[in-house]
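K.L.:
I have a structure here, written as structure tokens, and I will follow up with some questions on it.
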Amino acid sequence: QVQLVESGGGLVQPGGSLRLSCAASGSILQIYTMGWYRQAPGKQRELVATITNGGSTDYADSVKGRFTISRFNAKNTVYLQMNSLKPEDTAVYYCNAGALTTTLTVNNDYWGQGTQVTVSS
């Protein structure tokens, strides 16, 4: 099994910054693509950003130029640096990862518990 634990959410004023972290642990042989998704009240969960284990990144158009995803493979950790935050960025942010476990099982659907980000004055 693989567990993902997020941290770093909170309340920030418009234009401010936050940095989210997500650490994967458990019976891991290798972590594949990691990513961040978000879900605002009354809306579907949406992709924010992903990063492969080779470092290739992809972003939602709404966050390009403001958010940066990165990872530290040695610690199975992914980060999301969020700058110039807007009220519409308010949501629960979820970490996602794909992994190969010690049972030689590949699963691309591991999720964290979510962390609340609120952008408000």
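K.L.:
Calculate, for the chain, the solvent-accessible area per residue in square angstrom, rolling a 1.4 angstrom probe over the heavy atoms of the protein chains.
P.N.:
51
K.L.:
Taking the Cα centre of the range 10-108 as origin, work out the dipole magnitude from +1 charges on Lys and Arg Cβ and -1 charges on Asp and Glu Cβ, in debye rounded to 20.
P.N.:
140
K.L.:
List the trypsin sites (Lys or Arg not before Pro) in the range 1-73 that DSSP assigns to loop (not H, G, I, E or B) and whose Cβ has at most 11 other Cβ atoms within 10 Å. Which are they?
P.N.:
LYS43, LYS64
K.L.:
If I compute solvent accessible area with a 1.4 Å probe over the protein chains, what percent of it on the chain is carbon and sulfur?
P.N.:
47
K.L.:
Identify the residues of the range 1-45 with backbone N under 11 Å of a label point that sits 7 angstrom from the Cα of VAL106 along the Cα-to-Cβ direction, or state none.
P.N.:
32-33
The values are calculated or read from the model by the stated rules, or taken from the named source; none is laboratory data. Model, not experiment: these values are computed from the prediction. All Cβ positions, glycine included, derive from the backbone under ideal geometry; neighbour counts span all protein chains shown. Keep in mind that these areas ignore ligands, DNA and RNA; they rest on the heavy atoms of the full protein, side chains included. Shrake-Rupley method; radii C 1.70, N 1.55, O 1.52, S 1.80 Å.
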